[in-house]
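The values are calculated or read from the model by the stated rules, or taken from the named source; none is laboratory data. Just so it is clear, the structure is predicted and the values come from calculations on it, not from any experiment. A quick note on method: Cβ atoms are made from the backbone with ideal geometry, for glycine too, and the neighbour counts reach across all protein chains shown.
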Amino acid sequence: MHIPDGFLDAKTAVGAAVISAAGLAVAVRQVRRTLPPRKTPLLGLSAAFIFAAQMLNFPVLGGTSGHLIGGALAAVLLGPGAAVIVMVAVLIVQCFLFADGGVTALGANVFNMGLLAPLVGYGVAQLTRRIVPGQRGLVVAAAFAGWCSTVAAAISCAGQLALSGIVAWDTAFPAMAGIHMLIGIGEGLITALVLATVLGSRPELLDEPVANAAPVSGTVMALGLLVALGLALFVAPVACSWPDGLEKVAETLGFGSKASGQPLLAAPVSDYELPGIGSPVVATALAGAIGTLVVFGLSMLLARLLVPKSTANQD
């Protein structure tokens, strides 16, 4: 669902960027005030996993693929503010390192996937848990939240395209919402599976206050990073190559040619293929591994900068 350069006009791109910047500022403030220091490593692990998982496109319908957004998953694991930080880190690396999403559309992509998806996911999960309590309810809530967050981001994208005059709203809305209702099923299932795994192994990692909870261990950090690297190295190169929901809609509705042929800024690893490597499989695997490590490092840096050292022993 990454919007490329050329799909949005100036007013829509600038407006989305301003709103996204304001939302990010609120998220930063919330993280500074409320994120337990023991959870700072989870920002890096979550960002690395989401980046790698977003490379794993799965087939949906009619030559269309989908991939995890991850906003709802991050929000349930970390809370809404930290989830926004994680998603913004992922989107920035994707944009500038891999040319995945246009530079002029970065604000819109941040709004759709970095702000709206986590906030909708978190809100839906909280409401659903009131109806279905307990750990089973949390997994059910996360699945439904993942679906809702995907559909909400798609509808917002449709609105941005309509505001830019690329395609009429009454055409963009059913096209984007319809295909992403199907993609959202995959989002919900992946979100539920990951959350069930965390509940079964380290329930204290969730965004729940746990008495005397220990910090995330080095072993957990290493294993989590290895899982993300494994996805990028061994699964991403053989993921479905069909166009994703937005690309398919653009192709079907005839506005795909609006995308700029060349990105405004040259990306060093464009299209997730490391240059100079003869094998496309190896090139994609290495690009994914590099991106996973870069996202992990950026998120860890942000976490350490945002969480005051004075609170290091208060959790």
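Just to be sure before I move on: is Ala285 buried (at least 20 other Cβ atoms within 10 Å of the Cβ) and either farther than 26 Å from Ile3 by Cβ or touching a Lys or Arg at 6+ places or on another chain (Cβ under 9 Å) (or both) in the structure I sent?
Values: buried (at least 20 other Cβ atoms within 10 Å of the Cβ): yes; either farther than 26 Å from Ile3 by Cβ or touching a Lys or Arg at 6+ places or on another chain (Cβ under 9 Å) (or both): yes.
The answer is yes for Ala285.
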Report every pair of residues separated by at least 6 positions or lying on different chains whose Cβ atoms are under 6 Å apart, first residue within segment 296-315 and under 28 Å from Leu91 (Cα atoms) and surrounded by 14 or more Cβ atoms within 10 Å (Cβ to Cβ), second at pLDDT 85 or above and among the basic types (Lys, Arg).
Leu306/Arg32
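Suppose we keep only residues that are closer than 27 Å to Gly102 by Cβ and among the aliphatic types (A, V, I, L, M) within segment 40-56. Which one would you say is surrounded by the fewest Cβ atoms within 10 Å (Cβ to Cβ)?
Applying the first criterion (closer than 27 Å to Gly102 by Cβ) to segment 40-56 yields 43-44, 46-56.
This time we only want the ones that are among the aliphatic types (A, V, I, L, M), so: 43, 47-48, 50, 52-53, 55-56.
On the way: Leu43: 29, Ala47: 30, Ala48: 31, Ile50: 26, Ala52: 27, Ala53: 22, Met55: 24, Leu56: 20.
That would be Leu56.
Please go through segment 147-171 and give me each residue that is over 16 Å from Leu115 (Cβ atoms) and not hydroxyl-bearing (Ser, Thr, Tyr), ordered by number.
First, pick out the residues of segment 147-171 that are over 16 Å from Leu115 (Cβ atoms): 147, 158, 161-171.
Trp147, Ala158, Leu161, Ala162, Leu163, Gly165, Ile166, Val167, Ala168, Trp169, Asp170, listed by residue number.
Scan the helices (runs of 4 or more DSSP H) fully inside segment 2-105 and keep the ones with 3 or more residues being touching a Cys at 6+ places or on another chain (Cβ under 7 Å), touching a residue at least 60 places away in the same chain (Cβ under 8 Å) and not basic (Lys, Arg).
Details: elements: 10-34, 40-54, 71-78, 80-98.
Answer list for segment 2-105: none.
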Among what's in segment 20-39 and is touching a Leu at 6+ places or on another chain (Cβ under 8 Å) and surrounded by fewer than 24 Cβ atoms within 10 Å (Cβ to Cβ), pick the residue that is modelled with the lowest pLDDT.
Arg32
